[in-house]
Amino acid sequence: MIHCPTLAAALLSAAMAHPVAGDDATAHFLANEAVLVTAGETRILFDPLYIHFNGIQPIPRRIKRRLMAGEDEFEGVDVVFVSHIHDDHFDAEAMLRYMRRHPAVVLVAPSQARPMMETERDWDDGLADRIVALPFIVEPMGFVVATPEDPRALVIEAVYVPHAGGSNWASVQNMVYRVTLNGEITVMHLGDATPDEAIYETHQEHFQAVRTDHAFPPFWLVTEWGGDVLRERINAESLTGIHLGPFPPVAVRASDEDFFTEPGETRDLHAHE
Ligand SMILES: [Zn+2]
Ligand SMILES: [Zn+2]
C-alpha cells in the first residue's frame, strides 16, 4: 500500500454525535450499487446518491427520505464513498445538498467528482475541506478517517480499476474501495469494475495484502468469473453482487451466489476467522 502524499493531510474528523448501536456489522442495500455498511457507531455509504433513469433501479422514496434526513440506520453517517461519476452512481447536486444537511460527513470520491460539485449553485469553499478527492493514478492509495469514538475508525485503501466496457469508458475514474471499520471488519466496493483480468494481476499485491470479509462486486464479475475465482482474485471471504435492475439477467438468476436485488435487504457481516 502506498500512502499518497496529497492525502497525508486527510486525517479528517467526523464531529457528529452517533446513535448507540450494536456491535454487529450489517450491510443495508438501498438500490443499484448503493450500500450502507454499519459497524457499531461507524457508518459508511457507497454510491448512495444518483440520478434515477430508465433501466436503473431507483432508491424507493421511503429509503431516500430517511437517507437525506439522516434518520434510523442513516443517522450519524461518517463517510460517503463515490466509485465514479456516472449518473447511476453520482448526482453532484444531491451530494451537495446531503453534505450541507450533514455537516460532519466526509466525502471520498474520484477527483472527477469535485469540479462537478463546484459548479453547483450551492457550492461553498468550506465544503472542500470535507472532500477527499482521489487523484487519477494507477497506484493504490491509503488514508485514515477518524470518528468521535476512534481516531482510526476508518482505514481506507483505494485503487483505480478501469470501468467495464473497455475503451468506451477509459476516461472514467472508477475506484475500488477497501475499508476496515473499527479495526473489526473489512468491506470492499468495486463500483463498475472491469472484468479484464490484467488489471487485477497488476494489483495482485494490493488485493492480497488485506483479507476482505465481504465484497460488493458488480454482478458481471460474479457471472463472468464465477464466485470462487472472484473471491480468490480480490481476496474476499464472501460477497454479494450488486448493480442489478428490476429484471436480473438469466446468469444471475441461475447463479448460486448471493446478490442484492430488493431495496431494503440486509446482510449480517462477519469478520473472517
Ligand atoms: Zn458506470
Ligand atoms: Zn453503473
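Direction-averaged projected area, Cα convex hull, the range 122-238: 8.8 nm², rounded to one decimal. Multiply the residue separation of Arg65 and Ala198 by 0.36 nm, subtract the distance between their alpha-carbon atoms, and state the gained length in nm to one decimal. Stretched fully, the Arg65-Ala198 segment lengthens by 43.8 nm. Protein heavy-atom accessible surface, 1.4 Å probe, per residue over the range 184-249: 38 Å².
With the simple model of a label 7 Å out from the Cα in the direction of the Cβ, His270 to Phe136 spans 4.2 nm. Helical runs (DSSP H, four residues minimum) scored at -39500 (n - 2.57) apiece and divided by the length of the chain put the mean residue ellipticity at 222 nm at -5000 deg cm²/dmol.
Per residue, the range 26-124 exposes 35 Å² of accessible surface when a 1.4 Å probe is rolled over the protein heavy atoms with every protein chain present. Computed over the range 138-254, relative contact order equals 18 percent, with contacts defined as Cα pairs under 8 Å that lie 6+ residues apart. GNM, the chain, Cα, under 10 Å: largest mean-square fluctuation among Ser255, Ser111, Ser238? Comparing Ser255, Ser111, Ser238 in the GNM, the peak value goes to Ser255.
Only bridges with both residues in the chain count here: give the DSSP antiparallel percent, nearest 5. Given both bridge residues lie in the chain, the antiparallel proportion sits at roughly 60 percent.
If you take the alpha carbon atoms of the range 25-160 and fit the smallest convex hull around them, that volume is 111 Å³ per residue.
Extension gain for Glu224-Ala254 works out to 9.5 nm (0.36 nm per residue, less the C-alpha to C-alpha distance). The fraction of accessible area contributed by carbon and sulfur in the chain is 50 percent, rounded to a whole number (1.4 Å probe; ligands and nucleic acids excluded). Calculate the length of the line joining the C-alpha centroid of the range 26-83 to that of the range 236-259, in whole Å. So the two Cα centres are separated by 19 Å. Work from the charge dipole of the chain (Cβ charges, +1 for Lys and Arg, -1 for Asp and Glu, about the Cα centre) and give the residue of Val106, Gly227, Val155 farthest towards its positive end. In the chain, that residue is Val106. Taking a ≥ b ≥ c as the square roots of the eigenvalues of the alpha-carbon gyration tensor, the range 135-199 is classed prolate because a/c is 1.5 or more and a/b outweighs b/c. For the chain, the spread of Cα positions along the three principal axes, ordered from largest to smallest, is 45, 41, 41 Å. Modelled this way, with points 7 Å down the Cα-to-C-beta line, the labels at Thr119 and Asp150 are 3.9 nm from one another. Looking at the range 183-273, the trypsin sites (Lys or Arg not before Pro) that sit in a DSSP loop and have at most 15 other Cβ atoms within 10 Å of their own Cβ are Arg211.
Extension gain for Arg101-Asn168 works out to 20.6 nm (0.36 nm per residue, less the C-alpha to C-alpha distance).
The values are calculated or read from the model by the stated rules, or taken from the named source; none is laboratory data. Owing to the predicted nature of the structure, the values given are computational and were not obtained by experimental measurement. All Cβ positions, glycine included, derive from the backbone under ideal geometry; neighbour counts span all protein chains shown. Side chains are part of the model used for accessible areas, which takes the heavy atoms of the whole protein and leaves out ligands, DNA and RNA. Shrake-Rupley method; radii C 1.70, N 1.55, O 1.52, S 1.80 Å.
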